[in-house]
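Working notes for the structure below.
Values quoted throughout were computed directly from the atomic coordinates according to the rules given, and no laboratory measurement underlies them. From a predicted model like this one, the values you see are computed outputs, not experimental measurements. With ideal geometry, Cβ positions are generated from the backbone for all residues, glycine too; neighbour counts draw on all protein chains shown.
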């Protein structure tokens, strides 16, 4: 059976909006003619990024790398913020980390809220890419019997592991993936004494952990007061589990997109039961 | 101090999670997903355990400081 893939013209257009969304969140939607959604995405993601940089004194830049091109343009890569490549590039050129000017980050009382905001902004930004691609598919190859386009499934999975599969009717996969990733994340936190989720202390692991979506974002601030008083026997495993659980969720979101795209392209079968799907904006 | 049996259990759990994600990515039908998990899980866990045994054997033989000619 031939694979269900979008038509060449649709794929070209999808690739275009994915690239633009990576450069600047919402730009893909604007080009696809989704003005309100594009502007909303652009404003939300960039406002969160800007607020995060303000609260943390732009110390997000200390967790990544930067190069100066042509003696003037500073190209900064810090994850997950740089998933909004344009916004981070702009902020890197107009702000400077307070640590670079000799201040200690501890003097910024709301820096962790800043890290959370800018980190979530990065993931919200990159989520605009599959969503814009899904909108392009819905526009160019409309389907009257499907409500959930693949971009929605991917965004839902990025927010909560398994949610995208659940919404596309794949209840078994949703339960298996959601429960497994949540268990892995919680077990990883427990192995690290619930003190292994902190950008300041474990910055590289934090990148992966943030991809767990809402469960990670909501537990970040409450867990910060917990400190690792001693070397725990399985703390390295804890770091690995929590971080890899988030990275696995990227694969889960890709699968949710891919399956929902195949559903979208599959012709309606005569006599088949109508699949009930939950649609989101 | 870590315990080798706990480490094995953690390896098996990690392998299960990896196998679940990969099987779900490869297959869509629940039966096919369930069929693929044990094979992938034990393949990954076996490979990691094999590499650990190899590293241990090399550590106590060829790479041991005492094994080098004076």
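Label-to-label distance for residue A:77 and residue A:40 is 3.3 nm, based on points extended 7 Å past Cα in the beta-carbon direction. When each of the peptides B:55-65, A:157-167, B:20-30, A:219-229 is scored by how many other beta carbons lie within 10 Å of its residues on average, the order from highest to lowest is A:157-167, B:20-30, A:219-229, B:55-65.
R0 = 30 Å: FRET efficiency of residue A:23 with residue A:54, Cβ-based, nearest 0.05? That pair, residue A:23 with residue A:54, gives E of 0.85. By the Cα gyration tensor, the range A:211-260 has an equivalent ellipsoid whose semi-axes, rounded to whole angstrom, run 28, 15, 4 from largest to smallest. The ratio of the alpha-carbon radius of gyration of the protein assembly as shown to the globular-protein estimate 2.2 N^0.38 Å is 1.11. P(r) tail for the range A:152-281: Cα pairs beyond 26 Å make up 31% of the total. Rounded to the nearest 500, what is the 222 nm mean residue ellipticity of the protein assembly as shown from helices alone, with -39500 (n - 2.57) per DSSP H run of 4+ residues and division by all residues? About -21000 deg cm²/dmol. Computed from Cα positions, the angle between helix A:85-94 and the longest principal axis of chain A comes to roughly 30 degrees.
Once the Cβ-Cβ distance of residue B:5 and residue A:236 is raised to the sixth power relative to R0 = 25 Å, the FRET efficiency obtained is 0.90. Between 0 and 90 degrees, the angle of helix A:171-191 with respect to the longest Cα principal axis of chain A falls at about 10 degrees.
The Cα center of the range A:5-83 and the Cα center of the range A:95-157 differ in position by 8 Å.
Relative to the longest principal axis of the Cα atoms of chain A, the long axis of helix A:150-159 makes an angle of roughly 30 degrees.
Straightening the chain between residue B:27 and residue B:62 buys 8.2 nm, computed as 0.36 nm per residue apart minus the Cα-Cα spacing. A Förster distance of 30 Å, applied to the separation of the beta-carbon atoms of residue B:39 and residue A:226, puts the FRET efficiency at 0.20.
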